[in-house]
Amino acid sequence: MSDDHTHVQEFFAARAADWDSRFPDDGPAHAAAVAELGLREGDRVLDAGCGTGRALPPLRAAVGPSGVVVGVDLTPAMLAAAVRAGRDRDGQLLLADVTELPLGTESLDAVFAAGLVAHLPEPAENLRELARVVRAGGTLALFHPIGRAALAARQGRRITPDDLRAEANLGPLLAGSGWRMTSYADEEARFLALAVRVK
């Protein structure tokens, strides 16, 4: 496992037990972002870097009982917290690395990724891997329940021009990774970039 992966695992493992209680009001924001993916009954969707699985219930509601919901995370403690919260009833949980997904090529209709981009060791290559598992015309949502400025303030830092989530950086990054950005919102209460998988 690379140093990047070890750092991410250690960071989230230390916070898994109280993750949901630290951010108790994020549920509606997750549900609203899932709604913008445009999922339909029977769709197949991945929650990439699912953490404690807070997006799994709205994803299941969107695709219905005939759909497929898969949550993938690198940190066993986060998946254990998802199980304790009962969210494994809404989707299949897999301990796996989003940089090398154990999923078939073009096997999904959409990917939901909350707070993931900042933790990708090789963003262009890793977003390409997400594109690999999505059919042409499928969608990607890069989400965070607060905007970039609010997140930076929470973490005691300032936004820099090289921030991957800046619209001027994210658009070309997605374009070089098999996606076309279709909308971008960076507001106080949320960050949401939507993209479509190109052929």
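When a 1.4 Å probe is rolled over the protein heavy atoms, the share of accessible surface on the chain that falls to carbon and sulfur comes to 52 percent.
Can you give me the orientation-averaged projected area of the convex hull built on the Cα atoms of the range 19-76, in nm²? Dividing the Cα hull surface by four gives the mean projection, 4.0 nm².
Using the heavy atoms of the protein chains alone and a 1.4 angstrom probe, what is the accessible area of the chain per residue in square angstrom?
Numbers: 9290 Å² over 199 residues.
Using a 1.4 Å probe on heavy atoms only, each residue of the chain averages 47 Å².
Here, the chain is characterised by an Rg to Rh ratio of 0.93, where Rg is the alpha-carbon radius of gyration and Rh the Kirkwood radius. Taking every Cα-Cα distance in the range 101-199 and sorting them into 10 Å bins starting at zero, the pair-distance distribution P(r) comes out as 16, 50, 27, 7, 0 percent.
Of all DSSP beta bridges in the chain, what percent run antiparallel (nearest 5)? Please report the intermediate quantities before stating the final value.
On the way: 14 of 32 bridges.
Within the chain, antiparallel bridges account for around 45 percent of the total.
Any number yet on Rg/Rh for the range 36-134, C-alpha, Kirkwood?
Ratio value, two decimals: 0.94.
The values are calculated or read from the model by the stated rules, or taken from the named source; none is laboratory data. Quick caveat: nothing in here was measured; it's all calculated off a predicted structure. For accessibility, only protein heavy atoms count, side chains too; no ligands or nucleic acids. Shrake-Rupley method; radii C 1.70, N 1.55, O 1.52, S 1.80 Å.
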